[in-house]
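Working notes, structure below.
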Amino acid sequence: MNVEVLNKGVNGDLTSGMLERFSKDVVDEKADYVIVLGGTNDIGWGLDLASITRNLTNMYDSARNHGIGAVACSVPSILGFDELIPPRIALNRAINAETEKRKTLFLDLFTATSDRRNNRLLEDYSADGLHLNSKGYELIGKYVFDGWLKQVLDRLVSGN
């Protein structure tokens, strides 16, 4: 079985840029699935949560309308910038609520990468408190694989 994975993420991009490219990067590629992880940079630029959520849900809806399975991810936490944690929590709650309405899979990367006592990004997963390091990306990769991709691959192998 061959599986092709395309990473169309752009460092520093906003959800508005993701949405602008969505047709070209996802729909035109005839993707079977899309993993949507966005909003971190929007929060950093002080954009409002309603706009961020609207951009993300437009991507989930576009995927569904084109027969593409969407996997929505919460944004990970942050370390050393505590004032940016509450907007992340609020955005993640909004993403989760929207995915429940749409029956879209939601993967909680925030909880997977944060200290449950204070919601800060665990030091092991970042060198600068803002960006994930290789250990952080490895954790997220394993979380996405175990939480979703393994099920898809098992269904493909079994033919169900």
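The values are calculated or read from the model by the stated rules, or taken from the named source; none is laboratory data. Every value quoted in this text rests on a predicted model; they were computed, and no experiment measured them. Cβ sites come from the backbone with ideal geometry, for glycine too, and all protein chains shown count toward neighbours.
What to note about this one:
- Complete set of residues in the range 138-158 that are surrounded by fewer than 16 Cβ atoms within 10 Å (Cβ to Cβ), at pLDDT below 90 and within 21 Å of G39 (Cα to Cα): G141
- Filtering the range 63-88 to residues that are in contact (Cβ under 8 Å) with a residue 24 or more places away in the chain, more than 19 Å from G136 (Cβ to Cβ) and in a helix (DSSP H, G or I) leaves A63, R64, P87.
- Residues in the range 100-118 that are over 18 Å from I35 (Cβ atoms), surrounded by fewer than 17 Cβ atoms within 10 Å (Cβ to Cβ) and among the polar types (S, T, N, Q): N118 alone.
- Test for K135: is it at pLDDT 90 or above, charged (D, E, K, R), farther than 21 Å from G38 by Cβ and assigned to a helix (DSSP H, G or I): yes
- Condition check for N7: at pLDDT 95 or above, within 14 Å of the chain's Cα centre (by Cα) and under 25 Å from Y137 (Cβ atoms): no
- Qualifying residues in the range 52-74 (those that are of a type in the set (V, I, T) and at pLDDT below 95) - the one farthest from R116 (Cα to Cα): I68
- There is no residue in the range 60-72 that is among the basic types (K, R), out of contact with any strand residue (DSSP E or B) (no Cβ under 8 Å at 6 or more places or on another chain) and closer than 24 Å to F145 by Cβ.
- Meets criteria (within 22 Å of V144 (Cα to Cα) and buried (at least 19 other Cβ atoms within 10 Å of the Cβ)) for I89: no
- Near pairs, Cβ below 6 angstrom, 6+ apart or cross-chain, from the range 89-100 (closer than 20 Å to R64 by Cα) to any residue that is outside any helix (DSSP H, G or I): I95/A72; I95/S74; N96/F106; T99/A72; T99/F106
- So V5, is it among the hydrophobic types (A, V, I, L, M, F, W, C), out of contact with any strand residue (DSSP E or B) (no Cβ under 9 Å at 6 or more places or on another chain), over 24 Å from I85 (Cα atoms) and assigned to a loop (DSSP other than H, G, I, E, B): yes
- Among the residues listed as Y33, Y60, the single one being farther than 22 Å from K142 by Cβ, of a type in the set (F, W, Y) and in contact (Cβ under 8 Å) with a residue 12 or more places away in the chain: Y60
- Taking first residues from the range 132-148 that are closer than 16 Å to S77 by Cα and in contact (Cβ under 8 Å) with a residue 24 or more places away in the chain and partners that are assigned to a helix (DSSP H, G or I) and among the small types (G, A, S), the Cβ contacts under 6 Å between residues at least 6 apart in sequence or on separate chains come to Y143/A112.
- Criterion violated by A50 - all others in (1) part of a helix (DSSP H, G or I); (2) surrounded by 18 or more Cβ atoms within 10 Å (Cβ to Cβ) satisfied: (2)
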